[in-house]
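Structure, as C-alpha cells:
The values are calculated or read from the model by the stated rules, or taken from the named source; none is laboratory data. Please read these numbers as outputs of a predicted model, since none were measured by experiment. Neighbour counts run over all protein chains shown; Cβ positions are idealised from the backbone, glycine included. Please note that ligands, DNA and RNA were not included when accessible areas were found on the heavy atoms of the full protein model with its side chains. Shrake-Rupley method; radii C 1.70, N 1.55, O 1.52, S 1.80 Å.
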Amino acid sequence: MIHAAGVDEVTDADFDDEVLRADRPVLVEFTADWCGPCRQLAPVLSALASEEADRLKVVQLDVDTNPEITTRYAVLSMPTLMVSREGEPVKSMVGARPKRRLLQELDDVIQGRSS
C-alpha cells in the first residue's frame with residue numbers, strides 16, 4: 001500500500017471501531033500499491049491529516065488485503081475517498097485531486113454542516 005505519512009491504516013478487522021465509531025468525521029482512502037493516482041494523493045492526505053486533525057480523521061484502507069470492507073462499500077475504482085460521519089457514509093469521491101479542491105469538497109464535513 002502507498003502509505004501517506006501521518007495517516008493511519010485501517011483493516012477489515014478494525015474498520016468499524018476506527019471509522020464508524022470515531023468521535024469525528026473520517027475520510028477513508030481506498031487504495032492499492034498498483035494505483036498511480038494514489039501516489040499523487042498521498043502527500044495531499046498527509047497534509048490534510050496534519051492540518052485538520054482536530055476536525056477530521058484521515059485513514060487508508062488497502063483494497064487488496066481488505067476485501068470485506070471494499071465489498072461492503074462497493075468500491076471499484078482507486079482511489080475512492082469516502083467520508084463517514086456518525087457511522088454513516090455521507091460523501092464519496094473517486095480519483096486524485098489537488099489539496100485545494102479536496103478541501104472545498106470536504107468543507108461541509110469539516111465545518112460540521114450536513115452535506
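So what is the 222 nm mean residue ellipticity for the chain from helices alone, if each DSSP H run of at least 4 adds -39500 (n - 2.57) and you divide by all residues, rounding to the nearest 500 deg cm²/dmol?
Values: 3 runs with 34 residues, N = 115.
So the calculated ellipticity at 222 nm is -9000 deg cm²/dmol.
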Notebook entry, point to check: For the chain, what is the charge dipole size about the Cα centre, in debye to the nearest 20, if Lys and Arg each add +1 at the Cβ and Asp and Glu each add -1 at the Cβ?
Noted result: 640 debye
Margin query: Between E68 and R100, how high is the FRET efficiency from 1/(1 + (r/R0)^6) when r is the Cβ-Cβ distance and R₀ = 25 Å? Nearest 0.05.
Written below: 0.15
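Using a probe radius of 1.4 Å on heavy atoms only, what accessible surface per residue do you get for the stretch 45-115? Whole Å² is fine. Walk me through the intermediate numbers first.
Details: 3670 Å² over 71 residues.
Normalised by residue count, the accessible surface of the stretch 45-115 is 52 Å².
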Next item on the list: Multiply the residue separation of E86 and A13 by 0.36 nm, subtract the distance between their alpha-carbon atoms, and state the gained length in nm to one decimal.
Entry: 24.4 nm
Notebook entry, point to check: Based only on Cα atoms, what Rg/Rh ratio does the chain have, Rh being taken as Kirkwood's radius?
Noted result: 0.91
Item checked: Cα gyration tensor shape of the stretch 1-63, rounded if a/c is under 1.5, else prolate or oblate by comparing a/b with b/c -> oblate
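For the stretch 59-102, what % of the accessible area comes from carbon and sulfur atoms, probe 1.4 Å?
Working: 1140 of 2270 Å².
Of all accessible area on the stretch 59-102, carbon and sulfur atoms account for 50 percent.
Give the percent of DSSP beta bridges with both residues in the chain that are antiparallel, rounded to the nearest 5. Walk me through the numbers before you get to the answer.
On the way: 11 of 20 bridges.
Of all bridge pairs located within the chain, approximately 55 percent are antiparallel.
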Next item on the list: Compute the signed sum of charges (Lys and Arg +1, Asp and Glu -1) over the other residues within less than 15 Å, Cβ to Cβ, of T71.
Entry: -4
Next item on the list: Could I have the simple spin-label model distance between Q40 and L20, label points 7 Å from Cα toward Cβ, reported in nm to one decimal?
Entry: 3.3 nm
